[in-house]
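**Student:** First the structure, which I've put down as structure tokens, then a few questions once you've had a look.
The values are calculated or read from the model by the stated rules, or taken from the named source; none is laboratory data. Note that the structure is predicted; figures quoted are calculated from it, not measured. Every residue, glycine among them, receives a Cβ derived from its backbone with ideal geometry; neighbour counts consider all protein chains shown. Side chains are part of the model used for accessible areas, which takes the heavy atoms of the whole protein and leaves out ligands, DNA and RNA. Shrake-Rupley method; radii C 1.70, N 1.55, O 1.52, S 1.80 Å.
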Amino acid sequence: MKLPTRSKSYMIPEYSLTGDLLSYITCGLQYRYQNKGTLPPSKPVQRWFGEFIHGVMEEAYLNWKYQKKEFPWDWKEDIRPIEDEIDLRLQVRGLYPHDEDLFFSINQPGSDLNIEDLNEHDHKKLASARAEKAINLWGKHLFPLIDASEILIKGVRPMPNYDKNISRSNYYGINGVVDVITSAKINTLHEQSTLYNYDNKIISFIKKNLEETDIEDYEIIIDYKGMKRPPVKVTKPHSEDKWENHKQQILTYSWLRSKQENAKAISAGIILYLNELVPSKEDLVLIKDEIANDLTDIPDNGEFGDDIQLIFDWQEDEKMPNLSEEFKIARSIRFIEINEEERVKALDKFDRVVCDIENSLIKEMKGCKIQDAWKADADERTCLACDFKTFCKNNSDITKDFKVP
Ligand code: SF4
């Protein structure tokens, strides 16, 4: 008697929107070494801060939800313990901040410091300053509107260019994590804010940007980014078009969310670029350049004249100018309307990215060398901060300087 054999296990490759797709778009080879290899990056500042600020906002929201503590929150008493917790979670995953970004000595083995020893002047560094502003400037407007936080959204799509003799699977999975706010909460809070003459900045922003809709029940997706507002146009070679990629990310999230059972119609997405609340010198140099070359949408039409003047008068070796809160708030928030046609284009684009990743993986599985199988192409900033620049074959000028002789 012939015994039946067990059929081959059926696995669908799973891709995360930020961890895989956006990361691959930044640089395919860096993505391969960081995500598909076992090499945690030594100081992935962008990644550390992105994950740190996401974690801080989520944890701050949960604290606010259960304790309803009024804003503004005190850095040492209310915010620093959250930072500490998130920092420890990231350390477990091998992600560490630069010393100038976060005071983390109390987490070090052998440290005899505790929270009482900290003071704002000596210990509050860039990441802490941003966390404090993000919570006190945006948290107080945003948290009361959140209906569900950290929702895992997942979907399945046909594998692009599927070939049963070559492809790993006929489908691929795609996932992301989002916060959502709902029209029910927006409307209730809007009535209260009108009654008590209180301006909720998120509601005002939505009312200004969202076209009149007949749909009563809708949702808006929220995403936080630990970076400055990207330029609306890319002018340098090898530069990633972050403006467009972030829009496509939100459109893809909206498609994934629409597949969930309890989802309502999705009208828009809001991205909060949290570095804008406390820009670094490096950020301000880029902001100055983008304003001068008409590469940014904020300021627009002669708005914020005083802030623009301060930025143009400022030199890199000087103290940072005192920019207005309105300017920082305007630059830190972005509205993305959901449109079916654009959504189809975004999904097509992500299909193409998955197709590229799968092709590189298959090449590698067939014996091709890693550096020949994966595309190495990134902008100067990414290459300079990359752990693999010393042996990367990318022949851009920036990496040539770092090549091993
Ligand atoms: S040096 Fe630049 S091109 Fe090479 S892997 Fe790193 S980011 Fe990619």
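**Student:** With a 1.4 Å probe and every protein chain kept in, tell me what percent of the accessible surface of the chain is carbon plus sulfur.
**Tutor:** Reported share for carbon and sulfur atoms: 49 percent.
**Student:** Taking θ as phi - 60°, what are the ³J(HN,Hα) couplings along the stretch 382-387 by the Karplus curve (6.51, -1.76, 1.60), each to the nearest whole Hz, with x for Gly and Pro?
**Tutor:** Working through the residues one at a time gives 5, 5, 4, 8, 7, 5 Hz.
**Student:** Can you give the accessible area per residue of the stretch 18-357, in Å², using a 1.4 Å probe?
**Tutor:** That works out to 48 Å² per residue.
**Student:** So how much slack lies between Arg168 and Ala184, counting 0.36 nm per residue of separation and subtracting their Cα-Cα distance, in nm?
**Tutor:** Contour length minus the Cα-Cα distance gives 1.4 nm.
**Student:** Counting other Cβ atoms within 10 Å of each Cβ, which trypsin sites (Lys or Arg not before Pro) in the stretch 175-259 have at most 15 and sit in a DSSP loop?
**Tutor:** Lys233, Lys259
**Student:** Right, here's the next one. As a check on your grasp of the helix formula, calculate [θ] at 222 nm for the chain: sum -39500 (n - 2.57) over DSSP H runs of n ≥ 4, divide by the residue count, round to the nearest 500. Walk me through the intermediate numbers first.
**Tutor:** Details: 16 runs with 163 residues, N = 405.
Mean residue ellipticity, 222 nm, calculated: -12000 deg cm²/dmol.
**Student:** Here is a further query. Report, ordered by chain and residue number, the lysines lying within cross-link reach of Lys133, taken as a straight Cα distance under 19 Å and ignoring same-chain residues fewer than 8 apart.
**Tutor:** Lys133 reaches Lys65, Lys68, Lys69, Lys76, Lys124, Lys125, Lys201, Lys225, Lys228, Lys281, Lys328.
**Student:** To continue, here is another question. Once whole DSSP H runs in the chain are found, which of them have Cα atoms spread over 15 Å or more along the helix axis and a mean Kyte-Doolittle score of at least -1.0?
**Tutor:** 45-67, 80-92, 183-195, 281-292, 340-365
**Student:** To the nearest whole percent, what portion of all C-alpha pairs in the stretch 155-211 is separated by more than 18 angstrom?
**Tutor:** Here the long-distance tail beyond 18 Å is 58 percent of all Cα pairs in the stretch 155-211.
**Student:** Next question, about the same structure. Over all directions, what mean area does the Cα convex hull of the stretch 18-357 project, stated in square nanometres?
**Tutor:** 20.3
**Student:** Rounded to the nearest 5, what % of the DSSP beta bridges within the stretch 18-357 are antiparallel ones? Working shown, then result.
**Tutor:** Values: 19 of 27 bridges.
Here the antiparallel bridges make up roughly 70 percent for the stretch 18-357.
**Student:** Show the residues, 5+ positions off or on another chain, whose built amide H is closer than 5 Å to the amide H of Ile338.
**Tutor:** The list, which skips near neighbours in sequence, is Ala268, Gly269.
**Student:** Suppose R0 equals 30 Å; then what is the FRET efficiency for Leu152 and Ala385 from their Cβ-Cβ distance, rounded to the nearest 0.05? Don't skip to the end; give the middle numbers.
**Tutor:** Values: r = 29 Å, r/R0 = 0.98.
For R0 = 30 Å, the calculated efficiency reads 0.55.
**Student:** Could I ask something else about it? At 1.4 Å probe size, with no ligands or nucleic acids counted, give the accessible surface of Met320 in Å², nearest ten.
**Tutor:** Number for this one is 60 Å².
**Student:** Order of 309-317, 278-286, 373-381 by packing, highest average Cβ count within 10 Å first?
**Tutor:** Working: 309-317: 11.7, 278-286: 16.4, 373-381: 19.3.
Most protected by this proxy first, the peptides run 373-381, 278-286, 309-317.
**Student:** What are the lysines whose alpha-carbon lies under 30 Å from the alpha-carbon of Lys164, with same-chain residues fewer than 8 places away excluded?
**Tutor:** Within the straight-line limit of under 30 Å, Lys164 reaches these lysines: Lys2, Lys8, Lys36, Lys154, Lys259, Lys345, Lys349, Lys363, Lys366, Lys369, Lys375.
**Student:** Taking amide H positions as placed 1.01 Å from N in the peptide plane, with prolines and chain starts having none, which residues 5 or more places from Tyr218, or on another chain, fall under 5 Å of its amide H?
**Tutor:** Ser183, Ala184
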